[in-house]
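The values are calculated or read from the model by the stated rules, or taken from the named source; none is laboratory data. Owing to the predicted nature of the structure, the values given are computational and were not obtained by experimental measurement. Note: ideal-geometry Cβ built from the backbone for every residue, glycine included; neighbour counts use all protein chains shown. In case anyone asks, the SASA skips ligands and DNA or RNA and just uses the protein heavy atoms, side chains included. Shrake-Rupley method; radii C 1.70, N 1.55, O 1.52, S 1.80 Å.
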Amino acid sequence: MPDGTRSAFGASHWGAFTATATDGRLVGVEPFGMDPSPAPFIRALPDAVHAECRIATPAVRQSWLEGGPGANAAARGTEPFVAVSWDRALDLVAGELQRVAKEYGNEAIYGSSGWGSAGNFHNARSQLGRFLNLHGGFVDQVTSFSVGAASVIVPRIVGSMQPVFGPVNTWPVIVEHTELMVAFGGMPPKNSMVNQGGVGAHESADWHRRAVEAGTCFVCIGPIRDDTGDEAEAEWHPVRPNTDLAVMLGLAHTLLSEDLHDADFLARYCTGFDRLAAYLLGVADGIVKDADWASGIAGMPAGAIRDLARRMASSRTLIGVSWSVQRADRGEQPYWMTIALAAMLGQIGLPGGGFGFGYGAMHGIGAATRQVAPPRLPTGKNDVGCNIPVARLADMLLNPGAPYSFNGEDRHYPDIRLIYWCGGNPFHKHQDLNNLLRGWAKPDTIIIHEPWWTPAAKRADIVLPCTTTLERNDIAASQFDRFVLASQQAIDPVGQARSEYDIYSGLADRLGFAEAFTEGRSEMEWLRHLYDLYRQRVAKDGIEMPGFESFWEAGHFALPQHDSPPIPFADFRQDPDGAPLKTPSGKIEIYSETIAGFGYDDAPGHPTWVEPVEWLGCDKAERFPLHMLSNQPRARLHSQLDCGSVSRAAKVAGREAMRMNPDDAARRGIADGDVVRVFNDRGACLAGVVVSDAIRRGVVELATGAWFDPVDPAVPGSLEKHGNPNVLTNDKPTSTLTQCCAAQTALVEVERFEGDAPAITAFTPPSIIEA
Ligand SMILES: Nc1nc2c(c(=O)[nH]1)N[C@H]1C(S)=C(S)[C@@H](COP(=O)(O)OP(=O)(O)OC[C@H]3O[C@@H](n4cnc5c(=O)[nH]c(N)nc54)[C@H](O)[C@@H]3O)O[C@H]1N2
Ligand SMILES: Nc1nc2c(c(=O)[nH]1)N[C@H]1C(S)=C(S)[C@@H](COP(=O)(O)OP(=O)(O)OC[C@H]3O[C@@H](n4cnc5c(=O)[nH]c(N)nc54)[C@H](O)[C@@H]3O)O[C@H]1N2
Ligand SMILES: [Mo]
């Protein structure tokens with residue numbers, strides 16, 4: 001290696017790698033040698049790490065600095081920043097945290113996070129939580145964008161989150177036992193590139209191939225064909241979005257009317273099937289939920305529904321449902337019905353049978369990994385007894401004090417004065433961004449740690465530049481992956497960036513709890529400490545890990561796989577009385593007295609079809625006739641790496657690529673490569689068209705993650721020119737019961753954009769005044 005060149009082992013949510021740096025600059029990233037199918041966007045790391053939009057110094061919005069908290073708050077995102085020293089910035093943050101806590105109490109501080117980076121020590125969420133807890137607590141977020149509705153409904157129906165986070169039936173078990181896998185929403189290969197916390201070896205395509213070789217037949221039910229990879233050779237049923245529940249009811253009706261359901265299983269292991277049966281037969285509402293009824297809603301031929309039901313009853317069948325299906329209006333309903341349908345088939349608890357959520361959603365779902373809780377920075381206790389469902393951010397900001405219900409609780413939104421945001425991007429993740437902008441103008445102060453000038457950083461008051469994983473040391477491990485990875489510092493911090501730990505240590509010092517925050521440990525001392533605790537913990541399971549030095553030197557450790565992976569619900573099946581589920585009845589709750597007892601109009605006691613607020617069958621579809629799916633992006637993780645080469649190469653005419661069906665394109669005079677305006681009554685954005693018959697007619701796919709880039713940032717509702725679908729999505733909660741994100745419920749119209757498309761400024765830093 002030339003002078004000044006060094007290499008380091010590294011880890012990210014999308015793969016492990018060796019990074020090479022020359023004279024303090026990353027020059028290349030080579031995927032981990034044990035990874036058979038590395039994610040292509042791993043290559044974007046060097047240019048993203050050195051991008052022009054890295055934040056060089058701490059910076060404060062001009063009016064805030066001059067006028068104090070709340071000054072000209074509506075101008076967030078339009079004003080210049082003033083570069084300040086670290087000392088000044090930390091003094092300002094510490095002072096503001098003290099002021100808000102003193103004047104309004106810690107209930108006025110909202111702390112939020114997101115995926116951040118892989119690494120269990122500098123983990124943005126743990127660091128923020130630990131720090132704010134020592135400051136007296138904060139309003140935290142509960143549930144998730146990923147599986148929010150599932151996290152409410154699944155435990156109520158089967159007593160745990162195991163069907164979502166696993167262990168679900170693992171790939172080796174599927175290969176051996178599953179004859180038919182029915183995948184609603186597919187098992188998208190693009191999503192398996194990612195695993196929260198890191199992934200050592202991408203192996204899911206191999207498993208799909210092996211299953212086909214062993215005779216497993218895959219059926220993909222969903223609007224996009226390539227949600228199932230070529231390896232799976234799946235049969236595709238292109239249904240209308242948000243109609244999975246109707247298909248499931250149609251399948252259930254066929255099972256019931258043809259006496260193909262397992263009445264013994266339903267009697268022994270479930271409660272309330274009679275109520276669902278009456279609903280299927282239309283006893284109360286006169287509507288028989290048969291295959292013809294389902295077909296009218298979903299657009300899948302009735303014959304195909306009946307045929308599939310019969311195949312499901314005569315095969316070892318596993319029902320998989322993607323997480324996206326619950327990210328929709330009343331998204332908990334198809335999840336509930338999945339469980340009911342699997343119960344009717346009577347194969348829950350058998351190897352390769354039953355149901356599981358999120359195959360493909362992340363690499364680790366279905367992997368035969370032993371699920372070992374990873375090392376974690378302790379966060380301590382939060383003395384503020386108030387949290388909000390994470391997707392209710394805009395509602396909270398716009399309606400302080402307003403009542404809302406959630407999962408059986410009557411609650412009130414807190415009155416937030418200070419937002420502290422680290423490791424997430426609200427202008428990526430949130431629905432109806434024009435509405436969020438109105439809420440975003442409310443708090444006195446918004447503090448953000450970010451490596452990059454993201455749309456959120458540009459809309460904050462105090463911005464503290466933080467390092468990327470390549471500029472600090474960490475350990476990356478996930479309960480969903482078998483590799484424990486060393487994430488070694490490859491280069492010095494870019495600009496004046498500091499690690500999460502250094503930033504909070506400096507603040508804790510000013511606030512008088514430095515000792516409690518740091519416990520006197522340096523970064524490397526913490527890594528050693530967390531590693532040793534982890535090593536001791538896994539030793540109890542008979543797993544022998546090397547000492548820290550050897551691990552760090554090797555760069556990785558692979559946990560041994562299961563000899564015989566656990567079969568979900570096998571114990572319950574074996575002995576329902578001795579090993580009851582943690583539900584009120586101890587059984588699978590096809591009817592839930594608890595949910596019925598909440599009395600919510602939109603959540604009765606069993607899975608029930610109600611038309612989504614927006615879908616292809618509603619009146620609104622006359623004006624906005626295309627259902628927009630804003631799914632996860634292929635070329636990056638959410639908004640991360642959007643400034644990098646791989647994501648930018650995937651854009652069309654500089655905008656996010658939007659796939660549409662050839663018929664829909666032709667009818668509008670749209671050709672491949674055209675810039676189009678995508679709009680509804682919430683907003684509008686530009687996108688670049690890819691015409692594709694992999695998309696069902698009436699559906700467009702505009703993945704999330706293009707950095708929010710309105711033509712005029714001073715005007716909420718201004719045309720977004722980069723292709724961020726969240727100016728079009730609806731911020732309606734999934735339901736009163738679940739209060740989660742319903743992003744997949746959105747209708748739009750598309751037209752050719754005439755004239756010169758405005759230049760993209762998403763990656764241009766704001767103007768900075770040097771103090
Ligand atoms: N490359 C990459 N991988 C990722 C991520 C990323 O940003 N990039 N994000 C990660 C995260 S945080 C998560 S939570 C998971 C999410 O995992 P998912 O929620 O499964 O991901 P999506 O891509 O949103 O949706 C998968 C597919 O579901 C289909 N779909 C949408 N609506 C419906 C519907 O109503 N019915 C049916 N049948 N199908 C529907 C869409 O065609 C879509 O392509 O992905 C993870 N993996
Ligand atoms: N329309 C629509 N919207 C969606 C979804 C959808 O399907 N459709 N999916 C939803 C889902 S499932 C999810 S999980 C969310 C994801 O939403 P987020 O998790 O908010 O998205 P990310 O882009 O991963 O945001 C992470 C941010 O952390 C920054 N970061 C990285 N490392 C560090 C660090 O060490 N410290 C700090 N302080 N910052 C760091 C990154 O630069 C980035 O800006 O989006 C949700 N939004
Ligand atoms: Mo997610």
Counting only residues that are more than 16 Å from ligand 3 (Cβ to nearest atom) and buried (at least 19 other Cβ atoms within 10 Å of the Cβ), give me the strands (runs of 3 or more DSSP E) lying completely in segment 175-293 with at least 3 of them. 180-184, 217-221
When every residue in segment 644-653 that is open to solvent by 10 Å² or more (accessible area, probe 1.4 Å) and touching a helix residue (DSSP H, G or I) at 6+ places or on another chain (Cβ under 8 Å) is compared, the one nearest to ligand 3 (Cβ to nearest atom) is 646
Residue 581 passes all but one of the listed conditions (1) within 16 Å of ligand 2 (Cβ to nearest atom); (2) open to solvent by 10 Å² or more (accessible area, probe 1.4 Å); (3) not small (Gly, Ala, Ser); the exception is number (1)
Of the residues 445, 454, which is within 16 Å of ligand 1 (Cβ to nearest atom) and either of a type in the set (Ser, Thr, Tyr) or under 30 Å from residue 747 (Cα atoms) (or both)? 454
Does residue 503 fit the bill of being open to solvent by less than 10 Å² (accessible area, probe 1.4 Å), within 30 Å of the chain's Cα centre (by Cα) and farther than 30 Å from residue 35 by Cβ? yes
Taking segment 606-617 and keeping only residues that are in contact with a strand residue (DSSP E or B) (Cβ under 8 Å, 6 or more places away or on another chain) and more than 15 Å from ligand 2 (Cβ to nearest atom), one is left with 615, 616
Among strands (runs of 3 or more DSSP E) entirely within segment 661-750, at least 2 residues that are open to solvent by 10 Å² or more (accessible area, probe 1.4 Å) and within 17 Å of residue 223 (Cβ to Cβ) occur in 684-691
Please determine whether any residue of segment 724-735 is of a type outside the set (Phe, Trp, Tyr) and farther than 27 Å from residue 331 by Cβ. no
Restricting attention to segment 430-452, which residues are within 13 Å of ligand 2 (Cβ to nearest atom) and open to solvent by 10 Å² or more (accessible area, probe 1.4 Å)? 432, 450, 451, 452
Could you please find all residues in segment 113-149 being surrounded by fewer than 22 Cβ atoms within 10 Å (Cβ to Cβ), away from ligand 1 (no atom under 16 Å from the Cβ) and assigned to a loop (DSSP other than H, G, I, E, B)? 136
Output for Cβ contacts, cut-off 6 Å, separation at least six or different chains, first residue closer than 16 Å to residue 169 by Cα in segment 182-193, second at pLDDT below 95, reads 187/360
How many residues does segment 160-174 hold that are more than 16 Å from ligand 3 (Cβ to nearest atom) and either of a type in the set (A, V, I, L, M) or touching a Leu at 6+ places or on another chain (Cβ under 7 Å) (or both)? 4
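The rows are residues; the columns are (1) at positive phi; (2) part of a helix (DSSP H, G or I); (3) within 16 Å of ligand 3 (Cβ to nearest atom).
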| site | (1), (2), (3) |
| --- | --- |
| 431 | no, no, yes |
| 434 | no, yes, no |
| 438 | no, yes, no |
| 460 | no, no, no |
| 463 | no, no, no |
| 475 | no, no, no |
| 478 | no, no, yes |
| 486 | no, no, no |
Tell me, which residue of segment 502-548 that is basic (Lys, Arg) and assigned to a loop (DSSP other than H, G, I, E, B) is nearest to residue 100 (Cα to Cα)? 521
Tell me yes or no: at least one residue of segment 625-637 is open to solvent by 30 Å² or more (accessible area, probe 1.4 Å) and under 27 Å from residue 45 (Cβ atoms). yes
Unmet requirement for residue 310, which otherwise passes all of (1) over 13 Å from residue 182 (Cβ atoms); (2) part of a helix (DSSP H, G or I): (1)
Taking the options 425, 435, 387, name whichever one is in contact (Cβ under 8 Å) with a residue 24 or more places away in the chain and more than 22 Å from residue 682 (Cα to Cα). 387
Hits in segment 37-78 - residues which are more than 22 Å from residue 709 (Cα to Cα), open to solvent by 10 Å² or more (accessible area, probe 1.4 Å), touching a strand residue (DSSP E or B) at 6+ places or on another chain (Cβ under 8 Å) and among the aliphatic types (A, V, I, L, M): 45, 65
Exactly one of these conditions fails for residue 669: (1) in contact (Cβ under 8 Å) with a residue 60 or more places away in the chain; (2) more than 26 Å from residue 432 (Cβ to Cβ); (3) within 23 Å of the chain's Cα centre (by Cα). Give me its number. (3)
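What about residue 552, is it open to solvent by 10 Å² or more (accessible area, probe 1.4 Å), among the hydrophobic types (A, V, I, L, M, F, W, C) and farther than 30 Å from residue 168 by Cα?
Details: open to solvent by 10 Å² or more (accessible area, probe 1.4 Å): yes; among the hydrophobic types (A, V, I, L, M, F, W, C): yes; farther than 30 Å from residue 168 by Cα: yes.
Yes, satisfied.
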Residue identified as within 16 Å of ligand 2 (Cβ to nearest atom) and either of a type in the set (Gly, Ala, Ser) or within 18 Å of residue 423 (Cβ to Cβ) (or both) among 215, 136, 105, 197: 197
Please enumerate the residues belonging to segment 48-101 that are under 28 Å from residue 470 (Cα atoms) and among the small types (Gly, Ala, Ser). 48, 51, 56, 59, 83, 85, 89, 94
Top-ranked residue in segment 9-34 [being of a type in the set (Phe, Trp, Tyr) and assigned to a strand (DSSP E or B); ranked as surrounded by the most Cβ atoms within 10 Å (Cβ to Cβ)]: 17
Subset of segment 64-112 [under 21 Å from residue 137 (Cα atoms) and not in a helix (DSSP H, G or I)]: 69, 105, 109, 110, 111, 112
Hey, could you check segment 341-361 for residues that are under 23 Å from residue 637 (Cα atoms) and either open to solvent by 10 Å² or more (accessible area, probe 1.4 Å) or among the small types (Gly, Ala, Ser) (or both) and say which is nearest to ligand 1 (Cβ to nearest atom)? 361
